[in-house]
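Report on the structure given below.
Please treat every number below as a calculation from the coordinates, not as lab data. Predicted model only: the values in this text are computed from it and were never measured. Note: ideal-geometry Cβ built from the backbone for every residue, glycine included; neighbour counts use all protein chains shown.
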Amino acid sequence: MQTDQTVSALTIPEQIFLWLRLNMIEIAGAFAVLVIGLLVAGLISNWVEKALSRSPRFEPTVANFLSNVVKYALWALVLVTVLAQFGVETTSILAALGGLALAVGLALQGTLSNVASGVMILVQKPFKVGEGITTGSVTGTVQQIGLFTTELKQFDGLFVMVPNSELWNQAIVNFNRHPIRRFELIVGIAYSDSMEQARKELLALAEADERVLDDPAPQAFVSSLDDSSVGIGLRVWCVTSDYLTLTWDLTEAAKARFDQVGLSIPFPQREVIQRAA
C-alpha cells in the first residue's frame with residue numbers, strides 16, 4: 001500500500017523511468033525477440049519465394065503471394081511472443097485476431113474468391129499470357145494474369161477485364177495449348193453430282209497444301225444428306241499457328257476447284273405450285 005502511494009506521488013516521467021528500470025530485462029528480451037523474429041521471418045519468406053520461383057509449377061506472382069503470406073503469419077507470431085514477454089494474456093489476443101480475420105474474410109468474400117481463383121489459375125495454368133482462350137461469352141488473347149483479374153484482348157481489338165472467380169468457375173477452351181489442331185470443311189454438292197469425285201477433289205486440295213499434315217492423314221467423307229444437297233466433308237490437321245489462314249484458303253480453293261470441274265454447290269430451293277380455283 002505504501003509502495004503504491006510512493007509511486008503515485010512520482011511524476012509521469014519518473015513513473016515511466018521507474019517502470020523501465022524495473023522491467024529492463026523483460027524489455028531487452030522482448031526487443032531481442034522482436035528483432036530476431038523479424039529477421040528470421042524475412043529470411044524464411046525470401047527462402048520460400050526463391051524455392052517456389054525455381055519450380056516450373058509456380059508463376060512469380062504466386063511465389064511472391066505465398067511468401068508474403070508466410071511473412072505476415074510469422075510477424076503475427078512474433079508479435080504475440082513479444083506481448084507474452086510482458087505477461088499479456090495471448091489467448092484473448094489470438095481469439096480477437098481470429099474474430100477479426102473472420103470478419104475481414106466475410107467482408108471481402110468476393111475479393112478473396114478472386115484471389116483464390118487467381119492463385120489456382122497461376123498454379124494449374126489452364127492458360128498463359130499470349131494464348132487465345134474462350135470462356136463463357138469472352139474470347140480473346142490473354143494479356144495479363146493477376147491475383148484479382150485477368151486481362152484479355154479480344155480478337156476485334158477490344159480490352160476485357162474478367163474477375164478470376166468467373167474464369168475459374170467456367171469451362172475454358174485454349175486455342176494454343178496443343179501444337180496441332182483439326183479443321184473440318186463441309187461443302188454441299190448436288191444429288192446428281194459424283195460424291196466420289198468430290199471426295200477426290202477435296203483430298204487433292206489437301207495434299208497440295210504444305211500446311212496440311214500427313215499424320216494424321218486427311219480424310220474426305222459424305223457428311224450428310226440434306227434437303228437440297230449432299231454434304232461432303234474434309235478433315236485435315238495442321239500446326240495451330242496455320243489454322244486460321246488454312247481455313248480461309250481451303251474454303252476458297254474448294255469453291256474454285258468445284259467450279260472448275262463442274263461440281264455444283266446448290267442452294268436451297270422451294271417449288272410453289274399454284275392451282276386454279
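The label point for T81 and the one for E196, both projected 7 Å from the Cα toward the Cβ, are 8.6 nm apart. Across the stretch 180-261, counting alpha-carbon atoms alone, Rg and Dmax equal 12.3, 38 Å. Which values of log₁₀ I(q)/I(0), to two decimal places, follow from the Debye formula for the stretch 126-174 at q = 0.16 Å⁻¹ with a uniform point scatterer at every Cα? Reported log10 I(q)/I(0), two decimals: -0.34. Rounded to 0.05, the FRET efficiency of the A217 and D156 pair, given R0 = 25 Å and the Cβ-Cβ distance, is 0.10. The calculated FRET efficiency for D249 paired with S55, based on their beta-carbon distance and R0 = 35 Å, is about 0.25.
Computed from phi, the 3J(HN,Hα) profile of the stretch 31-36 under the Karplus parametrisation 6.51, -1.76, 1.60 (θ = phi - 60°) reads 5, 5, 4, 5, 5, 5 Hz, with x in place of Gly and Pro. In a fully extended conformation the segment linking H178 and I36 would gain 46.1 nm over its present Cα-Cα distance, using 0.36 nm per residue.
A dipole drawn for the stretch 180-261 from +1 and -1 charges on Cβ atoms has a positive end, and of A253, Q197, S223 the residue lying farthest that way is S223. Here each label is just a point 7 Å from Cα along the line to Cβ, and for E207 and Y72 those points are 6.5 nm apart. Across the stretch 158-277, the mean sequence separation of Cα contacts (distance under 8 Å, 6 or more residues apart), normalised by length, yields a relative contact order of 32 percent. Applying the Karplus relation 6.51 cos²θ - 1.76 cosθ + 1.60 with θ = phi - 60° to the stretch 211-219 yields 3J(HN,Hα) values of 6, 7, 7, 7, 9, x, 6, x, 10 Hz, where x marks Gly and Pro.
Simple spin-label estimate for V123 and L225 gives 5.5 nm between the two label positions (7 Å along the Cα-to-Cβ direction from each Cα).
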